[in-house]
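Heads up: the structure comes next, in structure tokens.
The values are calculated or read from the model by the stated rules, or taken from the named source; none is laboratory data. Just so it is clear, the structure is predicted and the values come from calculations on it, not from any experiment. Please note: Cβ atoms are built from the backbone with ideal geometry, for glycine as well, and neighbour counts cover all protein chains shown. These area figures cover heavy atoms from the full protein model, side chains too; ligands, DNA and RNA do not enter into them. Shrake-Rupley method; radii C 1.70, N 1.55, O 1.52, S 1.80 Å.
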Amino acid sequence: MPFISKIERQTDYNLFDSSIPIVIDNGASYFRIGWAGETEPRVVFRNIVQRPRLKATGETVTIVGDHDPALLKYFDCTRSGPRSAFDSNVVYQFEIMEYILDFAFDRLGATGSKIDHPILITECVCNPVQSRSKMGELLFQTYGVPSIAFGVDAAFSYKYNQQRGVCDKDGLAMCPGFNTTHVIPFVDGEPIYKGSCRSNIGGFHVTDYLKQLLSLKYPYHMARFTWEKVEDLKMEHCYIAPDYLSEAQLFQQGAKEAEEKTRMWQLPWVPPPTEEPPSEEEIARKAAIREKQGQRLREMAEAKRSSKINELENELHGLEFLLNQLAHVQESNVPSFLAETGYVSRQEIESARSKVVQSLRKAKGESKSDQAEIEKADSATNEKYSLINIPDDMLTADQLVEKRKQLSIKSMSEGRQRLKQKRYEEGLERERKQQLEEEKRLENPELYLEQLRSRYKDLSEKIDQRKRLKTNGGSTNGNGLAGSVGRGERLNAAQRERMRLLTTAAFDRGKGEDTFGAKDEDWQLYKLMSKDNDDDDEEPDEDNTELARISSRLQLLDPTFVPKVETGSSQPAEAPRTRPLTKEDFQIVFGVERFRCPEILFSPNWIGVDQVGLDEMAGVSMRRLSCKDEKLEERLTNSILVTGGSSLFPGIIERLEAGIRMIRPCGSPIKIVRALDPVMDAWRGASAYASAPGFHTQTFTRMDYDVNGEDWLRSYQLKYSL
Amino acid sequence: MEAEIMEAELVLPNYLSFKRIQMYDKYPKGQSRGRHWKHLKQIIQAENYQNYPPDEPNYVNIESPPSMRPCKRICDITGYEAPYYDPKTNLRYANTDVFKMIRSLPNEHVQRYLAMRNAAIVLK
């Protein structure tokens, strides 16, 4: 039952005589305005104002009421939220009130130089005189209204229903509204404000409560829960349970009725496009393509290799030719002959030639050259390191230098060989281990899997713990201290060591001056510290790699295994993203919230408002009336009218009845009825009232106000039975 | 543009014939628009209700008193009945599963749950 705003401009303003009053129901939720004597208000809109800036020109404009959000894209609404003229149920912001009245009169079709009709406007119960007088001033001075009457909306609603026979002339009006809830006793058709009672809880609080509950339960979808949407949800789905605790029990036990009462809201969700398993042809095709690509690459490599071989052979030929020529040339002519070719001596040519031969052999085939190389290396070592074996004293200075060089080269190459050997052995070792594992797996798969899983769990726990220690468990504790070390927090080993070093450094100096840093050795302290941190960091790496290896094996072997995600400890509030978001994640489940939120009308304590709830208010109201007449109380409870926008929750009548029965003596008559139209009845009652012939006796003009002053205005009360 | 015409209806026009004083006269631009409208609390204070006989109903004395009944305590998270409460976060909870969830909530959420109940400690 969403409310619809009616804001079309009316065209028949001029058809109305100036004695016909305009009736305004100025509510905290909706503003209704129309002509007296009609059954429906002409213009209805939400009682809020926005002042955004036009994007095109930058000037600030005013928008009254709620509008289609699509149109609002022309405005820059960042600095203007919707504002209401009300604080609780009292009007206090008259600038906003003026905007609203402007809009209302404009849509009513007002023309002319002033509003020349008496106005009946609603206000709250016992409106402070300041608000009343400012409203009066606004209407008199700005709009030129001839006369005004103020009335209470709940009273109008009651009178209207009384005329329709729904309730008697003695009764109780209970009006849960938008911001507040009132209970007003009526005696002889007139409201007795002395006995009335107001709690500061209403539909606004219910919606707000629901909004916050949903936002906290589904933080991922928080942006979806706008106030308007939540209000729609509330109007559609919320109900009042006859007994809160038993209903909650139902849900807690997961009974079948609870299932039926749960509503789900499916948010729009697009499943990620599923990848079909590639069909046979696909696989074959892809394999063929890959094969072709491989072939092409191999051909290219071949071509390159052969071209390189050709080049090298050419070079070799050239060098050999040169050598032959050199053999024929005489000794003395060697330099001049060689100057053309670019080589200086015979040895150079020879060494170049041997190099070419080697690379040629390598290009032609690897295994052969390996052997050749090793042999060559062996034989070369004997030549190269020829000087090593000769003792020192027999060598000249140059040769000594030579010898040292050869020593270092030899040790390096030996080291390299040793490394190669070790790696080879390690490879063998790993293969052997894998073989063993395979055998183990084949003979007892279950046990093997169990062992793997338990190892995985242990390792992951160890890593988690270490991580938690490292970050001091900052985020999970909720203390808000990010990595800093405060007093009383556990330090891990590295930090403890660091602290120790720093304090010893401080204490080692004599008392008096702090000469840390004067000597260079002092700074070595920091080298120690960072080394400690590094040591700590290396360990987890091994564990991490081990963990990764185990998890990959498990994934291969165990169909039910799901690897644990790294961020387990830091973001528990979000849904674990190990699996893609499913449809269920996008469903908002509405179970307990359906009846928990309207329940605050009966228990405002849940919101922190320290006042009585709706059912107790009836008792308070009757007590305040302090009438000695018991019959009156019975008459009051015999005709209880529930009106106001927040009374539309299903189940409210039964609940109220049960509640009031608790506080009345046993057997007293209780009759609770809902108004014919809880939302519109206030306006209709006011309209009926304003069209009565005696209405003009109840209004006051500007003259009255000026002459009599504020005190008189304070005691002004409308007489409802005309 | 058609949309602009629609907006012309959205936006309140500056000049309205039936008004004696237009808005731009009343609240000229450039003046501090930080309105000093009195809030409800200030209005009530200024009313000086204590000077008037306490019998007469006025805005303050028709307010309801606190509840006489013992308050029903419900779990902050789920809404079930909650006989227990967590001393560290001050939240009420119904059973152990909810308790585990409470302990894993980030601090911001805890404060918001408490604020719903008006029990959050606000440090200004």
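Summary table
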| item | result |
| --- | --- |
| Any hit, segment B:62-76, residues being at negative phi and touching a Gly at 6+ places or on another chain (Cβ under 8 Å) | yes |
| Leading residue by the ranking (nearest to the other protein chains (Cβ to nearest Cβ)) among those in segment A:594-611 that are touching a Cys at 6+ places or on another chain (Cβ under 8 Å) and farther than 17 Å from B:Ala120 by Cβ | A:Ser603 |
| Matching strands (runs of 3 or more DSSP E) fully within segment A:169-277 where at least 3 residues are more than 29 Å from the chain's Cα centre (by Cα) and crowded, with 18+ Cβ neighbours inside 10 Å | A:171-176, A:181-187, A:197-199 |
| Residue list for segment B:50-83, filter: surrounded by 15 or more Cβ atoms within 10 Å (Cβ to Cβ) and either among the aromatic types (Phe, Trp, Tyr) or more than 24 Å from the chain's Cα centre (by Cα) (or both) | B:Pro57, B:Tyr59, B:Tyr80, B:Glu81, B:Ala82 |
| Residue count for segment A:215-253, restricted to those that are within 12 Å of chain B (Cβ to nearest Cβ), closer than 27 Å to A:Ile653 by Cβ and not hydroxyl-bearing (Ser, Thr, Tyr) | 9 |
| Segment A:617-630, subset charged (D, E, K, R) and either assigned to a loop (DSSP other than H, G, I, E, B) or farther than 20 Å from A:Tyr158 by Cβ (or both), residue most open to solvent (accessible area, probe 1.4 Å) | A:Lys628 |
| Count of residues meeting criterion [within 12 Å of chain B (Cβ to nearest Cβ) and polar (S, T, N, Q)] in segment A:119-163 | 6 |
| Residue in segment A:649-662 that is on the phi > 0 side of the Ramachandran plot, outside the structural domain of A:Tyr30 (by TED's automatic domain parsing) and open to solvent by 40 Å² or more (accessible area, probe 1.4 Å) present | no |
| Within segment A:101-118, tally of residues that are open to solvent by 10 Å² or more (accessible area, probe 1.4 Å), within 7 Å of another protein chain (Cβ to nearest Cβ) and assigned to a helix (DSSP H, G or I) | 1 |
| Residue list for segment A:1-39, restricted to those being in contact with a Ser or Thr (Cβ under 7 Å, 6 or more places away or on another chain) and aromatic (Phe, Trp, Tyr) | A:Tyr13 |
| Index of the failed condition, A:Ser306 passing every other in (1) among the hydroxyl-bearing types (Ser, Thr, Tyr); (2) modelled with pLDDT under 80; (3) not in a loop (DSSP other than H, G, I, E, B) | (2) |
| Qualifying residue in segment B:23-30 (condition: without any contact (Cβ under 8 Å) to a residue 60 or more places away in the chain, more than 30 Å from A:Ala56 (Cα to Cα) and either out of contact with any Cys (no Cβ under 8 Å at 6 or more places or on another chain) or surrounded by 14 or more Cβ atoms within 10 Å (Cβ to Cβ) (or both)) | no |
| Some residue of segment A:632-644 being within 30 Å of A:Phe140 (Cβ to Cβ) and not in a strand (DSSP E or B) | yes |
| Those residues of segment A:157-168 which are part of a loop (DSSP other than H, G, I, E, B), in contact (Cβ under 8 Å) with a residue 24 or more places away in the chain and of a type outside the set (A, V, I, L, M, F, W, C), in sequence order | A:Arg164, A:Asp168 |
| Residue match in segment A:461-483 (condition: open to solvent by 80 Å² or more (accessible area, probe 1.4 Å), among the basic types (Lys, Arg), over 29 Å from B:Thr89 (Cα atoms) and at pLDDT 80 or above) | no |
| Positions within segment A:74-87 being facing another protein chain (nearest Cβ under 9 Å) and either open to solvent by 40 Å² or more (accessible area, probe 1.4 Å) or touching a Ser or Thr at 6+ places or on another chain (Cβ under 6 Å) (or both), in sequence order | A:Tyr74, A:Asp87 |
| Condition broken by A:Glu98, with the remaining ones in (1) more than 10 Å from every other protein chain (Cβ to nearest Cβ); (2) open to solvent by less than 10 Å² (accessible area, probe 1.4 Å) satisfied | (1) |
| Filtered residues of segment B:84-101 (kept if of a type in the set (A, V, I, L, M), over 26 Å from the mean Cα position of the chain (by Cα) and open to solvent by less than 50 Å² (accessible area, probe 1.4 Å)) | B:Ala94, B:Val98 |
| Elements of type helices (runs of 4 or more DSSP H) in segment B:14-124, at least 3 residues being facing chain A (nearest Cβ under 8 Å) | B:40-47, B:107-116 |
| Exclusive hit being of a type outside the set (Ser, Thr, Tyr), without any contact (Cβ under 8 Å) to a residue 60 or more places away in the chain and touching an Asp or Glu at 6+ places or on another chain (Cβ under 9 Å), set A:Gly34, A:Gly81, A:Gly27, A:Gly58 | A:Gly58 |
| Segment A:54-98, residues that are under 30 Å from the mean Cα position of the chain (by Cα), part of a loop (DSSP other than H, G, I, E, B) and under 20 Å from A:Ile7 (Cα atoms) | A:Gly65, A:Asp66, A:His67, A:Asp68, A:Pro69, A:Ala70, A:Pro82 |
| Filter result for the condition that a residue is at pLDDT below 90 and of a type in the set (Asp, Glu), over A:Asp208, A:Asp153, A:Asp168 | A:Asp168 |
| Unique residue being at positive phi and crowded, with 17+ Cβ neighbours inside 10 Å when the list is A:Gly27, A:Gly65, A:Gly37 | A:Gly65 |
| Unique match (being out of contact with any Asp or Glu (no Cβ under 8 Å at 6 or more places or on another chain) and either over 28 Å from A:Ser29 (Cα atoms) or polar (S, T, N, Q) (or both)) among A:Glu231, A:Glu190, A:Glu260 | A:Glu260 |
| A:Asp629, sole failed condition from (1) without any contact (Cβ under 8 Å) to a residue 12 or more places away in the chain; (2) closer than 25 Å to A:Ser29 by Cα | (2) |
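One line per residue, one yes/no per condition, for (1) touching a Leu at 6+ places or on another chain (Cβ under 9 Å); (2) open to solvent by less than 10 Å² (accessible area, probe 1.4 Å):
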{"residue": "A:Phe595", "(1), (2)": "no, yes"}
{"residue": "A:Glu599", "(1), (2)": "no, yes"}
{"residue": "A:Val612", "(1), (2)": "no, yes"}
{"residue": "A:Asp615", "(1), (2)": "yes, yes"}
{"residue": "A:Leu632", "(1), (2)": "yes, no"}
{"residue": "A:Thr637", "(1), (2)": "yes, yes"}
